[in-house]
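As structure tokens, the structure follows; a few thoughts come after it.
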Amino acid sequence: MNTPWPPNIELHGSVYMVRPVTLRQRAPVPHSIFIFDEEGSPVLTVRGPWASYPEALEVADGQLRRHVSPPPVNVFGGH
């Protein structure tokens with residue numbers, strides 16, 4: 001696949017492998033994106049639709065950041 005697709009996302013000192021999945025052999029954009037951790041374990045699946053590969057990567061990067069970020073701390077002690 002000759003696409004401008006970076007194979008990894010670096011986040012919080014870890015490297016996550018990004019693998020696009022297309023439903024057709026010469027699809028212009030991926031249908032889904034699978035993201036794996038450094039050991040190859042699945043972390044997240046992100047589904048389109050997207051208009052381009054760069055947009056798909058941007059969405060996947062944002063969803064991965066939300067997925068692995070710790071929840072905000074409640075400094076006021078309430079629930």
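The values are calculated or read from the model by the stated rules, or taken from the named source; none is laboratory data. What you are looking at is a predicted structure, and each value in this text was computed from that prediction instead of being measured. Every residue, glycine among them, receives a Cβ derived from its backbone with ideal geometry; neighbour counts consider all protein chains shown. Note: accessible area is taken over every heavy atom of the protein model, side chains too, but ligands, DNA and RNA are not part of it. Shrake-Rupley method; radii C 1.70, N 1.55, O 1.52, S 1.80 Å.
Brief remarks on what is shown
- Residue of Gly13, Gly40, Gly48 that the Gaussian network model of the chain assigns the largest fluctuation, springs spanning Cα pairs under 10 Å: Gly13
- Measuring only protein heavy atoms, the 1.4 Å probe finds His67 accessible over about 100 Å².
- Seen against the Cα atoms of the chain and their longest principal axis, helix 53-68 is set at about 30 degrees.
- Helix-only [θ]222 nm of the chain, DSSP H runs n ≥ 4, -39500 (n - 2.57) each, per residue, nearest 500: -6500 deg cm²/dmol
- Between Leu57, Thr45, Leu23, the Cα set farthest toward the positive side of the dipole of the chain (charges on each charged residue's Cβ, about the Cα centre) is that of Leu23.
- Surface accessible to a 1.4 Å probe, per residue, for the residues of the chain, Å²: 72 Å²
- Exposed-loop-free span, longest in the chain, where trypsin sites (Lys or Arg not before Pro) count as exposed if DSSP calls them loop and at most 14 other C-beta atoms lie within 10 Å: 27-79
- Probe 1.4 Å, all protein chains present, accessible-area order of Glu55, Glu10, Glu38, largest first: Glu10, Glu38, Glu55
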